[in-house]
Amino acid sequence: MKITGDLVDKIAGLAHLDVTKKNKSLLAEQLTQIVEHMRVLDQVDVSNVEPMFHGCIETKPLRKDEVAPFEHELIMSSATVTQDNYFTVPSIIDGENE
Amino acid sequence: MDILKYSIPKIAKMLREKKISSQELTSFYLNRIKNNKKLNAYITVLEDSLDIAKSIDNAGVKEKDPVLKGIPYSLKDNMLVKGIRTTCASKILENYTANYNSTVAQRLNDSGAVLLGKTNLDEFAMGSSNENSFFGPVINPWNHKHVPGGSSGGSAVSVSAGLSQFSYGTDTGGSVRLPACFNGIASIKPTYGRISRYGIIAFASSLDQVGPMARNIEDLAIAYDVVCGPDSKDQTCSIKAKESMYDFLSSDKASFEKSFSKKKIGIPRDMIKEGVSEDVLKSLDESINVLSKMGFDFVDVKIPNSKYALDVYYIIATGEASSNLSRYDGIHYGYRSKNNKDLDALYSYSRGEAFGDEVQRRIMLGTFVLSAGYYDAYFSKAAKVRTLIKNDFNNAFNDCDMILMPVSPVTAFKLGEKTSDPLTMYLSDVFTISVNLAALPSLGFPSGFDKTGLPVGMQLIGKHFDESSLFSAAKMIQEKKPEWFNNVAQEKDSVK
């Protein structure tokens, strides 16, 4: 499986990562090498095998679905840009800027 | 007075007898941190820890106080401590201050232990050499040209170089055991769910587990005891009641010896074949020899699917990481790019400018293995092979109680040796990752030194939730081989 420059762009888009300043051919080469190595799993017969998606050995009872107290202003203080105690994002409507 | 030679129980006794104060201990370690800055073990040193020590001294350490009261420790900088900068060794969290406590930090705080600072790591715990930190690499104190192992390199160095009494790292694929091994100290990666992950910055949630590090087994047991146990804030944390490992190790010798008599240890010879250095093989034989003399029997066990573990791990871990790290969006907290012409640009530039190369590589890989068209062939397939690896261990444990094997095929490698080839770097974890995939506990212990004076380490892998067998065997090893423990790293002239 070869990871091409186009596929790097597609994955970077999905991952919201700007890779324009990166050495894209090196990145594609490294990812190809790793993904090629992973093809070793093709040899394994997994028919009738259940996937293991978590590490829990036991099941746990659920706790009550109650809102825990939190300090709103403290949480907002971690954001670089806020307005009136709201998170601020660039305008998503044409003609306005942050 | 040589504080570095003392165990936690000894120091606790001295504090109660007023033969030493928490301030003396804290300033002793703060001075050592200052004098060993070139090791780059700490990202943040908390000078005000002395004030905390002072208030502990003023209140006095009483007989009934928790054993850790007044004793200094360090925490990997991916664990939240309220009001303290927590960077994860990343530019993206360079100026982030935690606004709540992780359960681990809360329990240590409640115990009265004194936090000296936050230790260096590979960015977002992604790495095996601690060369991926935004704050620069950590240096191996036994030989400054070598890596300390990763990703909890700073925590391991803080213990091995005598810059804290004990420490905590996180182990997703070996990140506690590998640096502990490269530093000649003891460590444990508990069964998945033994220690709460609440407030631990997530890398791969189905694999991440906090693990303590110490210079001897008693200290390790105490460090383990204080943080483990149920936590309603983490749905993946086990509800099993906590059993004190230190109390267990302190129980009378006869019942203690009875607890491990006739126990069998498995050796997975088929895993320990290629690429294992002569020194490591020799050390394995020596450990087998020590354990044989203690009455353990040995059997060969097979973990046939472990040969796929590396690939399974790098699919699952990167897949989970790509999802976990999507929270760093430049908006809610952390680095925010000035390039913000629209929302997509703000996301992409914030992440592209502030994540390091290895983190970006893993996000890319993880996004790929989860993406439409590739999910079945990669992520889903890996999750199924993971089941086979777990089954292999369960089968092996039909024939033995514990498994013994090296932590790493080689001792600490040179700085820069593997940085240009990610795949070769990933192979450093080949002996540790199966344990995380199978959610098993594994205790790493130092087992002497190689020809050049670098530490060698072994691991004892146990059944789910059977940490007590691991602690008891390790304690017996320490009694037979005291020279393997309580070592403080000093660079030897001969290896400079």
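The values are calculated or read from the model by the stated rules, or taken from the named source; none is laboratory data. If you're wondering where the values come from, they're calculated on a predicted model, not measured in any experiment. Counting neighbours? That spans all protein chains shown, and the Cβs are built from the backbone with ideal geometry, glycine included.
Here are some notes:
- Some residue of segment B:45-52 being in contact (Cβ under 8 Å) with a residue 60 or more places away in the chain, under 22 Å from residue B:222 (Cβ atoms) and of a type outside the set (S, T, N, Q): yes
- Where a residue in segment B:240-252 is within 14 Å of chain A (Cβ to nearest Cβ) and within 17 Å of residue B:479 (Cα to Cα) and its partner, wherever it lies, is surrounded by 16 or more Cβ atoms within 10 Å (Cβ to Cβ) and of a type in the set (Phe, Trp, Tyr), with Cβ under 6 Å and at least six apart: none
- Listed by position, the helices (runs of 4 or more DSSP H) enclosed by segment B:416-496 that each have at least 1 residues that are free of Cβ contacts under 8 Å to residues at least 40 places away in the same chain and not charged (D, E, K, R) are B:422-426.
- Filtered residues of segment B:361-397 (kept if within 30 Å of residue B:300 (Cα to Cα) and more than 9 Å from chain A (Cβ to nearest Cβ)): B:392, B:393, B:394, B:395, B:396, B:397
- Hits in segment B:307-327 (condition: polar (S, T, N, Q) and within 12 Å of chain A (Cβ to nearest Cβ)): B:318, B:322, B:323, B:326
- Look at segment B:347-360: where a residue is within 8 Å of another protein chain (Cβ to nearest Cβ) and a partner is of a type in the set (A, V, I, L, M) and outside any helix (DSSP H, G or I), sitting 6+ places away or on another chain with Cβ atoms under 7 Å, you get B:348/A:17; B:351/A:17; B:352/A:17; B:352/A:19; B:360/A:17.
- Residue A:15 passes every criterion in (1) small (Gly, Ala, Ser); (2) touching a helix residue (DSSP H, G or I) at 6+ places or on another chain (Cβ under 6 Å); (3) over 18 Å from residue B:366 (Cβ atoms) apart from (3).
- Test: residue in segment B:231-238 that is more than 23 Å from the chain's Cα centre (by Cα), surrounded by fewer than 17 Cβ atoms within 10 Å (Cβ to Cβ) and either within 12 Å of chain A (Cβ to nearest Cβ) or modelled with pLDDT under 95 (or both): yes
- Hey, residue B:179 out of contact with any strand residue (DSSP E or B) (no Cβ under 6 Å at 6 or more places or on another chain), away from chain A (no Cβ under 14 Å) and either buried (at least 24 other Cβ atoms within 10 Å of the Cβ) or among the hydroxyl-bearing types (Ser, Thr, Tyr) (or both) or not: yes
- Unmet requirement for residue B:424, which otherwise passes all of (1) in contact with a strand residue (DSSP E or B) (Cβ under 9 Å, 6 or more places away or on another chain); (2) modelled with pLDDT under 95: (1)
Yes/no matrix, rows are residues, columns are (1) within 21 Å of residue B:226 (Cα to Cα); (2) among the small types (Gly, Ala, Ser); (3) surrounded by fewer than 19 Cβ atoms within 10 Å (Cβ to Cβ):
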{"position": "B:3", "(1), (2), (3)": "no, no, yes"}
{"position": "B:19", "(1), (2), (3)": "no, no, yes"}
{"position": "B:25", "(1), (2), (3)": "yes, no, no"}
{"position": "B:58", "(1), (2), (3)": "no, no, yes"}
{"position": "B:89", "(1), (2), (3)": "no, yes, no"}
{"position": "B:97", "(1), (2), (3)": "no, no, yes"}
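- Residue satisfying condition, being in contact with a helix residue (DSSP H, G or I) (Cβ under 7 Å, 6 or more places away or on another chain) and under 24 Å from residue B:222 (Cβ atoms), within set B:113, B:89, B:105, B:186: B:186
- Residue check, residue B:281 under 24 Å from the mean Cα position of the chain (by Cα), surrounded by fewer than 22 Cβ atoms within 10 Å (Cβ to Cβ) and assigned to a helix (DSSP H, G or I): yes
- Members of segment B:334-346 found to be facing chain A (nearest Cβ under 7 Å) and touching a helix residue (DSSP H, G or I) at 6+ places or on another chain (Cβ under 8 Å), listed by number: B:336, B:340
- Check on residue B:447, surrounded by fewer than 22 Cβ atoms within 10 Å (Cβ to Cβ), of a type in the set (Ser, Thr, Tyr) and either at pLDDT below 95 or closer than 23 Å to residue B:166 by Cα (or both): no
- Residue within segment B:411-425 that is closer than 26 Å to residue B:472 by Cα, under 20 Å from the mean Cα position of the chain (by Cα) and surrounded by fewer than 24 Cβ atoms within 10 Å (Cβ to Cβ) present: no
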